[in-house]
Structure formats: C-alpha cells, structure tokens
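Below is one structure, written out as structure tokens, with a few remarks after it.
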Amino acid sequence: MVEREKVCKHCKRFVIGDKCPACNTKDFTRTWKGMIIVNDPENSEVAKILGIAAPGKYALWVK
C-alpha cells in the first residue's frame with residue numbers, strides 16, 4: 001500500500017514519511033489547496049515571493 005502525501009504545516013512542503021526533510025517537524029495536514037513545483041528556487045521569482053528556498057513540491061495554502 002502506498003502512503004499518501006501529507007503537507008508540512010510549517011514550510012508547506014509535500015512529505016512522504018514521518019518527518020519533514022526541509023524543517024524537521026512532524027506537524028502535517030492533508031487539507032491544502034493549490035500546488036507549485038519549484039526546480040530552481042534561486043532563479044524563480046515566484047519561489048522568492050513565497051519564501052521557498054529548496055527545490056520540491058509545495059502547497060499554496062494549508063489549514
């Protein structure tokens with residue numbers, strides 16, 4: 001059985017597992033809206049506006 005992705009409430013990154021690899025928290029939600037995939041945060045204006053510093057898949061809004 002495949003584990004569903006969760007979203008970290010702190011950095012909004014999609015996570016599979018028990019701990020967020022970006023901010024090392026265990027505070028997750030499955031209630032989110034919108035998604036952005038950032039490949040190159042250093043050269044992305046959108047990533048800078050959203051405060052994203054690491055590549056990955058992020059939710060735009062989390063509950």
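Can you tell me which residue within the stretch 1-19, out of those that are assigned to a loop (DSSP other than H, G, I, E, B), of a type in the set (Lys, Arg) and touching a residue at least 24 places away in the same chain (Cβ under 8 Å), is farthest from Ile36 (Cα to Cα)?
Our first condition is that a residue be assigned to a loop (DSSP other than H, G, I, E, B); within the stretch 1-19, this holds for 1-5, 9-12, 16-19.
The next check asks that each one be of a type in the set (Lys, Arg); those that pass are 4, 9, 12, 19.
Applying the additional criterion that residues be touching a residue at least 24 places away in the same chain (Cβ under 8 Å) yields 4, 9, 12.
Values: Arg4: 18, Lys9: 15, Lys12: 10 Å.
This residue is Arg4.
Out of Ala47, Ala22, Ala59, one residue alone is part of a helix (DSSP H, G or I) and surrounded by 15 or more Cβ atoms within 10 Å (Cβ to Cβ). It is Ala47.
Scanning the stretch 25-44 for residues that are in a helix (DSSP H, G or I) and either of a type in the set (Val, Ile, Thr) or surrounded by 15 or more Cβ atoms within 10 Å (Cβ to Cβ) (or both) yields one hit, Pro41.
Read-outs throughout are calculated quantities, based only on the coordinates presented, and are distinct from any laboratory measurement. Keep in mind that this is a model prediction, so the values were computed, not measured. Cβ: placed from backbone, ideal geometry, glycine included. Neighbour counts: every protein chain shown.
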